[in-house]
1. What net charge do the residues around Asn195 carry, taking every other residue with its C-beta under 14 Å from that of Asn195, with Lys and Arg at +1 and Asp and Glu at -1?
2. Starting from the Cα-Cα distance between Lys173 and Thr230, subtract it from 0.36 nm times their residue separation and give me the gain in nm to one decimal.
3. Whose amide H sits under 5 Å from the amide H of Ala334, counting only residues 5 or more places off or on another chain, with H placed in the peptide plane?
4. What residue among Trp352, Asn300, Leu270 has its Cα farthest toward the positive end of the dipole of the range 269-372, where the charges are +1 on Lys, Arg and -1 on Asp, Glu, each on the Cβ?
5. Each residue of the range 189-205 in turn: what ³J(HN,Hα) in whole Hz from Karplus with 6.51, -1.76, 1.60 and θ = phi - 60°, glycine and Pro shown as x?
6. For the range 149-220, what are the per-bin percents of Cα-Cα distances with bins 10 Å wide, up to the bin holding the maximum?
7. Quick one: order Met306, Met97 by neighbouring beta-carbon count within 10 Å, fewest to most.
8. Under a plain spin-label model, where a point goes 7 Å from the Cα along Cα-to-Cβ, how far apart in nm are Tyr125 and Lys90?
Amino acid sequence: MEKLHEDNEFTCDSKVKDDGDKQPSTSSNGKNNNVSDGDGALEKITKYLSEKLQLSTTDEDDDDKIEKSEEKILSELNIDGIVNYINEKKCKKIITMAGAGISTAAGIPDFRSPSSGLYHNLEKYNLPHPQAIFELDFFKKNPEPFFVLAKQLLPEGFKPTISHYFIRLLWEKGLLLRHYTQNVDTLERVAGLPNEKLVEAHGTFHTGKCLECQASYDLPWMKRKIVRGTIPKCEECLEGVVKPNIVFFGEMLPDRFHSLIEHDFIQADLLIIMGSSLVVQPFASLIDRVSFKCPRLLINKEKVGMQDRLLRLIGLRQGFDFDPKNRDIGRDVALIDDCDTGCQLLSQKLGWGEELKTLVENEHKRLDAEKL
């Protein structure tokens, strides 16, 4: 089973930037080379690996790996192409993947925004590094910073967003195979998504467990403790700290995650990724589990998860390719906007705009009434 780890600037960012502005290098005989020294070394590595591992190294060879159909996968590499595909193919097995970006409109901060993200505001906790607040060893020594932060992550008073209800609408229309979320805020549950359609890849605040005796506790019990500013202590053994069942760095992901990804993604006829930076593994790698003919739509404020240049050169097609040379096999579309706006636009183009608007209004009224 795989553990949660973060492939970013704090660990091992393996992305190689394409330095397109670099001038051609000059050889010892004074002539300009067509390839820079770095690119020359890269080509040597590529050639060696391709010979030893029998990897293809060209786009043409990569394209030959894909079973070509008589028709394009998408009529257009934009949102209209995705809409046409949904209508023409009558998709019934859509998988959605979501990160913190679908919850920011609810008032829950994400982790990486430069000024408002949770990582940016952790200095006052005097942590050795930002992720320490989600590391089990640090939590066992000093759980207080986590529970202070937990007040901002709890779904107390937060309402699901348009994005959450768009996912519910997919389910109501019989189109949703599964929803995979990185979020621990439980807003998918609040939005009415049934448990069988939900995979909380990084765990959830919905339940908790004593680290000493493993006694289980529910969300209302933990909420009362956290809101009062006290560390939840087990009422069974009277010693252990009750940790919400969210996955800390280095912990195993839930069994449900591993069991379902094995057969869900190969069945998918459309993959929609919303509001994720796609840097946390193994969640980020899920986008490559669908078939080569399955379209992938990214709704995000910026393009993420794009193919790594080095991996592509050695024949590995991992990540998004938003500008393929062969547009007949193009299947990746990026809708650059906030998640709610993107989901509204997609709904409108599918003819569901008013239905989604009504669903959000009615559900928010219901949640308001439950508080009275």
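Read the figures in this text as sums done on the coordinates, not as results from a lab. Note that the coordinates shown come from a computational prediction; the quantities given were computed from them, not determined experimentally. Positions of Cβ are generated from backbone atoms using ideal geometry, with glycine treated the same way; all protein chains shown enter the neighbour counts.
1. Details: positive: Arg168, Arg178, Arg189, Lys197, Arg256; negative: Glu188, Glu196, Glu200.
Local charge sum for Asn195: +2.
2. 16.2 nm
3. Those qualifying (amide H under 5 Å, at least 5 residues apart or on another chain) are Leu298.
4. Leu270
5. For the range 189-205, the Karplus-derived couplings read 5, 4, 6, x, 6, x, 4, 5, 9, 10, 10, 8, 4, 9, x, 7, 7 Hz, x marking Gly and Pro.
6. Percent of Cα pairs in each bin: 18, 47, 26, 7, 1.
7. Lowest to highest Cβ neighbour count: Met306, Met97.
8. About 5.0 nm, to one decimal.
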